[in-house]
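Chemist: Here it is, the structure, as structure tokens.
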Amino acid sequence: MSKELEKQYNPKNVEDRIYKTWLDGKYFHAERDESKQTYTIVIPPPNITGQLHMGHALDNTLQDILIRFRRMQGFDTLWLPGTDHASIATEAKIVEAMKKEGLTKEDLGREKFLERAWDWKKQYGGRIVEQLKKLGSSCDWDRERFTLDEGCNKAVNEVFVRLYEKDLIYRGNRMVNWCPFCNTSISDAEVEYEEKDGNFWHLLYTVKETGEKLELATTRPETMLGDTAVAINAEDERYKHLHGCHVILPLLNKEIPIVCDEHADMTKGTGVVKITPAHDPNDFEVGQRNNLPIVRTFTYDGRLTGAEDKRIADELIASGRATENEPEVLDCGKYAGMTTKEARKAILADLEAGGYLKEVEPRKHEVGTCYRCHNTIEPMVSKQWFVRMVPLAKPAIEAVEKGETKFIPERFTKNYLNWMNGTRDWCISRQLWWGHRIPAWYCEECGKMTVSKTNVDTCPHCGSKNLNQDPDTLDTWFSSALWPFSTLGWPEETADLKHYYPTNTLVTGYDIIGFWVSRMIFSALEYTGQVPFDTVLIHGLVRDAQGRKMSKSLGNGIDPLEIIDQYGADALRFTLATGNSPGNDMRFSDEKVEASRNFANKLWNAARFVLMNLDENEPAPYVPENLAIEDKWILSQFNTLAKEVTASLDKFELGLAVQKLYDFIWDVLCDWYIELCKIRLNSEDAEKKATCKGVLVYVMSNTLKLLHPFMPFITEEIWQTLPHAGESIMISEWPKFTDELVFTDDETEMERIMTAIKAVRNRRAEMNVAPSKKAEVYVATSYKDTFEIGKEFFKRLASASDVQVADSFDIEGSVSIVTADATIYLPLAQLVDFEAEKKRLNKELAEAEKKLGFIENKLNNPGFLAKAPEAVIAQQKEDGAKLQEKIALLKSSIEKLG
RNA sequence: GGACGAUUAGCUCAGUUGGUAGAGCAUUCGCUUGACGUGCGAAGGGUCAGCGGUUCGAGUCCGUUAUCGUCCACCA
């Protein structure tokens, strides 16, 4: 025995050590090799605020499987890692930490705040990277990037300026989603709608000209101070007499017009809508169409505006520097300074007191909330930067329609196209400090704006030095959108960019197709003229055992690191890869990980068995001429496995690939081949022993290779102890299907023996015969040669004391077992109830005849014969013939019983 | 309101060119079998949600209904 393994696999003794050898060997590092085909994946950069969760574990397991597979296949592979600065999440964390010291952002100032943020990044930003390593991720860490590093920042500025110059980025007062809690605008994609209980408040506005009361409903009465019109539909017969009239806005006693607009739907409510252009997206549009003033009544921190707010706005307007759609601001008087919630209460009370509140109708409705803090979003007109989406979306839609980028599974294409087709201009400015600062400068002298890739200290319009850079930063997704090429050096024409771009596969969850995938695609097309990747592999969510989404608030998250600690990274990876089909959610449970751990242990012990049987100066490769039937059988099976696993991986069917490996290793290799090997290994025949060992080593080490992408640690550990050439399994050659290992006839013969053995075991178990009670076995068959070879197998695997093979036997009072190829007699007469035996055989006969009838029906069907493929017909004929043989044998057995 | 997904053994899920169904766990029976009890051998258990259609043949394709779920949508 040359080497010894422990009786149980202990991942803790293995994983960190192995990972270090991979790092030391530089196997993850991509060296550009022009002679090879490239395979590139860029990691979806995890947030630096993040801790590894199951979603990351799944996402990175899938990526690592693909990368390891292609690497072994000989591709020049690059898996490029990195992290995302996560502007809003990180900033919130830091603000929170400062709060404990009694500090605010403003106390510190921008520069000091950013210092803190970078310190925080240094301290915690690497945490998730270390956690990815625990999983076994084979990323090229030498190329690790950060969305806020110098290169990415350069790319961001380049893109911003180019888009600005093409008028695809603009600044203006538009309706945005404002989070008063995070104190920033967020994009449409970042709004989550939640159903909440609310009311329709039916209000009465008096018509100035006629004195009648006009009824209208609103879900947000607190916005009424900002109403600058009410709208009716021009076709609405009920209100035709009011065209051109006005209403008196309650509480303010302000006269506002009644306008006709398509937005007013005659079929809903009373057909009258109040219009608040500053605080409702629809109303903003109505205001635009009807030239209504925009009156802002909310501050950016979610309170009602007062005298000071009005003064600032008035000053701006007076200065002449206000831009298009600059809102006026109302001094809300007694309501000033109230939160919107307080204001709702106060305003409703006053409306009621004034007789303006007709009715309160309870109603559930969808309320927009901030994806981060889940507070209610206030729609607000605000001056922000936007990306003009329509011209950018068009090529991105076409590229996917043409199949330049494919989604797997295919159905997500529709999801993507819907998103792209419906998308509105993208609000990209954020009132945050942690992020890419907008490269625009405003001149205090002439008021003009300059957009530039580099710092501007002199105004190009007037020569003034009195310039201020825009204080806002860009949406985090703006930099992530450039990730596939900014990380490779773009806008420089770097060697990496030329070699590895466009990338191949993007692996991500369906939840960020809109946020991220779509933006990468249109960005890549715009700046690089190519799609960023050819395939998007979409996976689902990992849910808990009850099927609930894992979340912090529920506290039902399962920590992948704890699972790794308890069961090993391989078991975790195997669990995530197995039984999981693309795009579908999966449930995660300890039982599943246990099953994976058991599988690892099974493999480990199979390897132990092989090693126990090798001695110092072996291994010699097997000699093909000496191969036994079971050798040819396993080699042929392995050969098929290699073909199928490769095909499955090519098609991104990782779950199927892993299932095939599991079945092969457990059911074929361990349960049959290793058991059969014991016969020769325990014999004294040196040549047979050598052949057996040679085949064992061959099959074991090549199977390990196929399994390696899924379970990298254990396969490496075992492979290193087996005879091997090369430094590491992860850079060894991927097994290929080969004609030399096709042994169809031997497989067929082997199946005959196996079927018979299973039938004997089955009978013995039914009759409760202890395995220790050996019995003679008589095999009556026309395949005498085959069963002669199989004699020893029966002894080993079917508790046979001795085996006789002949054309037929005439044995009284024995159990008979019928397969398609043989009738087997067990002389266990004393255990047999012959009546029961007869019944059993008759039952079997009936089943066989039923099956045969079904097949014959098919074969007598002219339609089937004419249209079914030949292979299917041949198969049916063969099955039919087998059944006929079996039926004949059953009949004769029954006869013998009398 | 739209789109998509799920519905297969008690539970969790596979099933990819349409040929009457598989795994793991659970259950039952048996096993000190010299790799492994994180194991070995065996068994039971399914009109593949309902209905209709295409087809020689449908879990698989089409239509429809039901239940559950997800995403998207400006409905006062």
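The values are calculated or read from the model by the stated rules, or taken from the named source; none is laboratory data. Note that the structure is a prediction, hence the values are computed from the model and not measured. With ideal geometry, Cβ positions are generated from the backbone for all residues, glycine too; neighbour counts draw on all protein chains shown. The area values use the complete protein model at the heavy-atom level, side chains included, leaving out ligands, DNA and RNA. Shrake-Rupley method; radii C 1.70, N 1.55, O 1.52, S 1.80 Å.
Chemist: Quick one: P(r) of the range A:374-419 from all Cα-Cα pairs, 5 Å bins, percents rounded to integers, in order of increasing distance.
Modeler: 5, 16, 20, 14, 11, 13, 11, 9, 0
Chemist: Let me ask another. Using a Förster distance of 45 Å, how high is the FRET efficiency between A:SER801 and A:LEU554, based on the Cβ-Cβ distance and rounded to 0.05?
Modeler: Working: r = 61 Å, r/R0 = 1.36.
For A:SER801 and A:LEU554, the calculated efficiency is 0.15.
Chemist: Which semi-axis lengths, in whole Å and largest first, follow from the square roots of five times the eigenvalues of the Cα gyration tensor of the range A:258-306?
Modeler: Semi-axis lengths for the range A:258-306 are 23, 12, 8 Å.
Chemist: Additional query: Could you tell me the extents of the range A:3-155's C-alpha atoms along the three principal axes, largest first, rounded to whole Å?
Modeler: 63, 45, 26
Chemist: Lys/Arg Cβ at +1, Asp/Glu Cβ at -1, dipole of chain A taken about the Cα centre: which of A:SER185, A:VAL329, A:LEU649 is farthest positive-ward?
Modeler: A:VAL329
Chemist: Give the lysines whose C-alpha is closer than 26 Å to that of A:LYS240, dropping any in the same chain fewer than 8 places away, or say none.
Modeler: Once the sequence-local lysines are set aside, what remains near A:LYS240 is A:LYS208, A:LYS213, A:LYS254, A:LYS268, A:LYS274, A:LYS358.
Chemist: Share of the range A:800-861's accessible area from carbon and sulfur, percent, 1.4 Å? Before the final figure, lay out each step's value.
Modeler: On the way: 1630 of 3340 Å².
Reported share for carbon and sulfur atoms: 49 percent.
Chemist: Same structure, new question: Ignoring ligands, DNA and RNA, what percent of the 1.4 Å accessible area of the range A:431-522 is carbon and sulfur? Could the numbers behind the result be given before it?
Modeler: On the way: 1450 of 3120 Å².
Carbon with sulfur: 46 percent of the solvent-accessible area.
Chemist: Evaluate the distance, in nm, between pseudo-label points positioned 7 Å from the Cα of A:ASN468 and of A:ASP197 along their respective Cα→Cβ axes.
Modeler: Between A:ASN468 and A:ASP197, the label points sit 4.6 nm apart.
Chemist: Now a separate question. Quick one: angle between helix A:307-319 and the longest Cα principal axis of chain A, in degrees between 0 and 90, rounded to 10, please.
Modeler: Computed tilt is about 80 degrees.
Chemist: Same structure again: Quote the Stokes-Einstein diffusion coefficient, in whole µm² s⁻¹, for the range A:376-479, based on the Kirkwood radius over alpha carbon pairs, a temperature of 25 °C and a viscosity of 0.890 mPa s. Kindly include the intermediate steps, with their values, before the conclusion.
Modeler: Numbers: Rh = 16.6 Å.
Estimated diffusion coefficient is 147 µm²/s.
Chemist: In debye, nearest 20, what is the charge dipole magnitude of the range A:51-102 about its Cα centre with +1 on Lys and Arg Cβ and -1 on Asp and Glu Cβ, if you could check?
Modeler: Charge dipole, the range A:51-102, about its Cα centre: 140 debye, nearest 20.
Chemist: Follow-up question, since we're still on this one. Quick check: pseudo-label points 7 Å beyond the Cα along Cα→Cβ at A:LYS736 and A:GLN123, how many nm apart are they?
Modeler: 5.5
Chemist: A further question follows. Can you give the Rg to Rh ratio for the range A:412-538, taking only C-alpha atoms and Rh from Kirkwood?
Modeler: Ratio value, two decimals: 1.07.
Chemist: Kirkwood hydrodynamic radius, computed over distinct alpha-carbon pairs, for the range A:706-853: how many Å, to one decimal?
Modeler: So the Kirkwood estimate lands at 18.5 Å.
Chemist: Tell me which residues come under 5 Å, amide H to amide H, from A:ASN584 once H is placed; ignore anything under 5 positions away on its chain.
Modeler: A:GLY540
Chemist: Given A:ILE629, A:ALA759, A:ILE65, which one lies farthest toward the positive end of the charge dipole of chain A, if we put +1 on the Cβ of every Lys and Arg and -1 on the Cβ of every Asp and Glu?
Modeler: Projecting each Cα onto the dipole axis, the largest value belongs to A:ALA759.
Chemist: Okay, next question. Below 8 Å, C-alpha to C-alpha, sequence gap of six or more: please give me the relative contact order for chain A in percent.
Modeler: 13
Chemist: So, one more: Would you calculate the separation in nanometres between label points at A:LYS364 and A:LEU316, each defined as 7 Å from the Cα along the Cα-to-beta-carbon direction?
Modeler: Going by the 7 Å Cα→Cβ label model, 3.9 nm.
Chemist: If I take R0 = 35 Å and measure r between the Cβ atoms of A:ASN598 and A:GLU687 in this structure, what FRET efficiency does the formula 1/(1 + (r/R0)^6) give, to the nearest 0.05?
Modeler: 0.45
Chemist: Return the Rg/Rh ratio of the range A:312-375 with Cα-based radii and a Kirkwood Rh.
Modeler: Values: Rg = 17.2 Å, Rh = 15.5 Å.
For the range A:312-375, the value is 1.11.
Chemist: Take the residue pairs A:LYS36/A:LYS154; A:LYS678/A:LYS791; A:LYS851/A:LYS882; A:LYS112/A:LYS453; A:LYS133/A:LYS154; A:LYS93/A:LYS121 and return only those whose Cα atoms are more than 19 Å apart.
Modeler: Numbers: A:LYS36/A:LYS154 30 Å; A:LYS678/A:LYS791 14 Å; A:LYS851/A:LYS882 11 Å; A:LYS112/A:LYS453 24 Å; A:LYS133/A:LYS154 29 Å; A:LYS93/A:LYS121 11 Å.
From A:LYS36/A:LYS154; A:LYS678/A:LYS791; A:LYS851/A:LYS882; A:LYS112/A:LYS453; A:LYS133/A:LYS154; A:LYS93/A:LYS121, over 19 Å: A:LYS36/A:LYS154; A:LYS112/A:LYS453; A:LYS133/A:LYS154.
Chemist: What are the extents of the Cα atoms of the range A:585-726 along their three principal axes, listed from largest to smallest and rounded to whole Å?
Modeler: The Cα atoms of the range A:585-726 stretch 54, 30, 27 Å along their principal axes.
Chemist: Let me ask something else. Given R₀ = 60 Å, what would the calculated FRET efficiency be for A:ASN282 paired with A:ASP565, taking r from the Cβ atoms and rounding to 0.05? Can you show the working numbers first?
Modeler: Details: r = 53 Å, r/R0 = 0.88.
About 0.70, to the nearest 0.05.
Chemist: Still on this structure, please answer the following. Multiply the residue gap between A:LYS166 and A:ASP107 by 0.36 nm, knock off their C-alpha separation, and tell me the result in nm, one decimal place.
Modeler: Roughly 17.3 nm would be gained on extension.
Chemist: Within the P(r) computed for chain A, what percentage of the Cα pairs occupies the region above 49 Å? It would help to have the intermediate numbers written out before the result.
Modeler: Working: 170052 of 402753 pairs.
The proportion of pairs with Cα distances above 49 Å equals 42 percent.
Chemist: Shifting gears a bit: Roughly what angle does helix A:150-165 make with the longest principal axis of chain A, taking Cα atoms, 0 to 90 degrees, to the nearest 10?
Modeler: Here the helix axis deviates by roughly 50 degrees.
Chemist: For the range A:1-70, taking Cα atoms only, what is the radius of gyration to one decimal and the Dmax to the nearest whole Å?
Modeler: My reading of the Cα-based Rg and Dmax gives 16.5, 51 Å.
Chemist: Based only on the alpha carbon positions, what is the Kirkwood hydrodynamic radius of the range A:688-786, in angstrom?
Modeler: It works out to 17.3 Å.
Chemist: Evaluate Rg over Rh across the range A:129-263, taking Cα atoms for both radii and Kirkwood's formula for Rh.
Modeler: 1.24
Chemist: Let's test this: bin the Cα-Cα distances of the range A:632-716 at 10 Å from zero up to the farthest pair and state each bin's percent.
Modeler: Going from the shortest bin to the longest, the percentages are 17, 47, 26, 9, 1.
Chemist: If the chain between A:LYS773 and A:HIS241 were fully stretched, how many nm would it gain, using 0.36 nm times the residue separation less the Cα-Cα distance?
Modeler: Net length gain for the segment: 181.1 nm.
Chemist: Peptides A:42-51, A:114-123: what's the order by average Cβ count within 10 Å, highest mean first?
Modeler: A:42-51, A:114-123
Chemist: Give me the Debye-computed log₁₀ of I(q)/I(0) at q = 0.12 Å⁻¹ for the range A:196-326, equal point scatterers on Cα only, no solvent, two decimals.
Modeler: -0.48
Chemist: Counting only heavy atoms of the protein chains, get the accessible area per residue of chain A (1.4 Å probe) and round it to a whole Å² value. Could the numbers behind the result be given before it?
Modeler: Values: 40130 Å² over 898 residues.
Result: 45 Å² of accessible area for each residue.
Chemist: In the structure displayed, which of A:LYS758/A:LYS839; A:LYS643/A:LYS850; A:LYS651/A:LYS705; A:LYS602/A:LYS689; A:LYS651/A:LYS758 lie more than 30 Å apart, Cα to Cα?
Modeler: A:LYS643/A:LYS850; A:LYS651/A:LYS758, as the Cα separations exceed 30 Å there.
Chemist: Per residue, how big is the convex hull of the range A:670-741 when only Cα atoms are used? Give it in Å³.
Modeler: For the range A:670-741, the hull spanned by Cα atoms encloses 117 Å³ per residue.
Chemist: Separate question: I need the per residue convex hull volume for the range A:325-411, using only the alpha carbons, in cubic angstrom as a whole number. Working shown, then result.
Modeler: Working: hull volume 20.3 nm³, N = 87.
It comes to 233 Å³ per residue, whole-number rounded.
Chemist: When you count, for each residue, the other Cβ atoms within 10 Å and take the mean per peptide, how do A:750-758, A:296-304 rank with the highest first?
Modeler: A:296-304, A:750-758
Chemist: Also, I was wondering about something else. Sticking to Cα atoms, compute the Rg of the range A:260-365 to one decimal and its Dmax as the biggest Cα-Cα distance, whole number, in Å.
Modeler: 15.9, 46
Chemist: Report, to the nearest whole %, how much of the accessible area of the range A:642-743 belongs to carbon and sulfur atoms, 1.4 Å probe, protein only. If you can, show how the numbers build up before the last one.
Modeler: Numbers: 1870 of 3730 Å².
Solvent-exposed carbon and sulfur of the range A:642-743 make up 50 percent of the total.
Chemist: Give the angle, between 0 and 90 degrees and rounded to the nearest 10, that separates the Cα long axis of helix A:834-859 from the longest principal axis of the Cα atoms of chain A.
Modeler: The angle comes out near 60 degrees.
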